[in-house]
Amino acid sequence: MKTISPITIWYNGKTDTATIFSLICINDNLKDSATFYYQLLDSSLLQLTQGNLVMGLPDYTTDWTTNDAAYNWAATQLNLTITGNYTTTI
């Protein structure tokens with residue numbers, strides 16, 4: 001997961017602020033397409049919104065070389081600004 005610049009989201013009849021971005025690859029044909037599931041979460045890890053993104057050519061061969069590259073691609077698609085890695089404190 002990554003931290004992001006705060007964005008306001010309408011959730012359950014009120015506005016809330018997403019500060020965490022989660023991205024998971026849910027399908028990859030290992031050729032030219034991958035589908036990612038994303039979530040935008042608040043600081044308590046409450047999901048405020050979610051959806052899927054499909055990476056096709058040419059992005060699949062040029063942008064998905066590392067997990068961070070996939071995060072950067074997805075953030076661009078969603079107009080998010082990644083600010084760092086999400087870490088928990090216990």
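Please sort by residue number the trypsin sites (Lys or Arg not before Pro) in the chain whose DSSP state is loop and whose Cβ has at most 13 other Cβ atoms within 10 Å.
When the trypsin sites (Lys or Arg not before Pro) of the chain are filtered for loop state and at most 13 Cβ neighbours within 10 Å, Lys31 remain.
Give me D for the range 36-90 in µm² s⁻¹, whole number, from Stokes-Einstein with Rh from the Kirkwood sum over alpha-carbon pairs, 10 °C and 1.306 mPa s. Before the final figure, lay out each step's value.
On the way: Rh = 12.6 Å.
In µm²/s, the coefficient rounds to 126.
Regarding the range 2-85, what whole-number volume in Å³ per residue does the convex hull of its Cα atoms give?
In the range 2-85, the Cα hull volume divided by residue count equals 84 Å³.
Read-outs: derived from the displayed coordinates by stated rules, not from any lab. Just so it is clear, the structure is predicted and the values come from calculations on it, not from any experiment. No Cβ is skipped: glycine too gets one built from the backbone with ideal geometry, and neighbour counts run over all protein chains shown.
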